[in-house]
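First up is the structure itself, then whatever we jot down about it.
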Amino acid sequence: PAEEKPARYIMSKEEWAVFEAAQDKDALFYKIWTLKEAYIKYNGRGLDIDLCDLTVYPDGKEIVCRLPGCRFALIDAADGYQAAICAADVSYSTEWVHEEMLAQF
C-alpha cells in the first residue's frame, strides 16, 4: 500500500493535493511514480533530479504534465503492473501494437 512518507518524498505540492483527495491512493501513487521514472529515463540525469520539482500525474484520461517539451503515456501492462513512456513533445501519432495485432502477421 502507498504510505504517506514515500509519497511526500516524491510528489510535488500539486500532486500531493490530488493524492490526498484520491479514492485509490495505491493506484495513483504507482502511476505517479511510474510517470516520474519514465521521465528520469528520458532525461538521462538519473536520480539527481529532485522528484518534488517534477509534476506529472493522471487526471481521468489526460496526463497533467508541468514538464515543458515532454509527452507521456500510461500503459496498464497487466493486472497489478503499470508502465509509462516519456518522449519529446513533437507532433506525431502513436499506435499501440497488441499481441492480437502481431498474431495477424
Residue that is modelled with the lowest pLDDT [pool: residues in the range 42-56 that are open to solvent by 60 Å² or more (accessible area, probe 1.4 Å) and under 24 Å from Val18 (Cα atoms)] = Leu47
Residues in the range 34-48: is at least one closer than 15 Å to Tyr9 by Cβ, in contact (Cβ under 8 Å) with a residue 24 or more places away in the chain and more than 11 Å from the chain's Cα centre (by Cα)?
-> no
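The values are calculated or read from the model by the stated rules, or taken from the named source; none is laboratory data. From a predicted model like this one, the values you see are computed outputs, not experimental measurements. Methodologically, a virtual Cβ is constructed for each residue, glycine included, from the backbone with ideal geometry; neighbour enumeration extends over all protein chains shown. Just the protein is used for accessible areas: all its heavy atoms, side chains included, with ligands, DNA and RNA removed. Shrake-Rupley method; radii C 1.70, N 1.55, O 1.52, S 1.80 Å.
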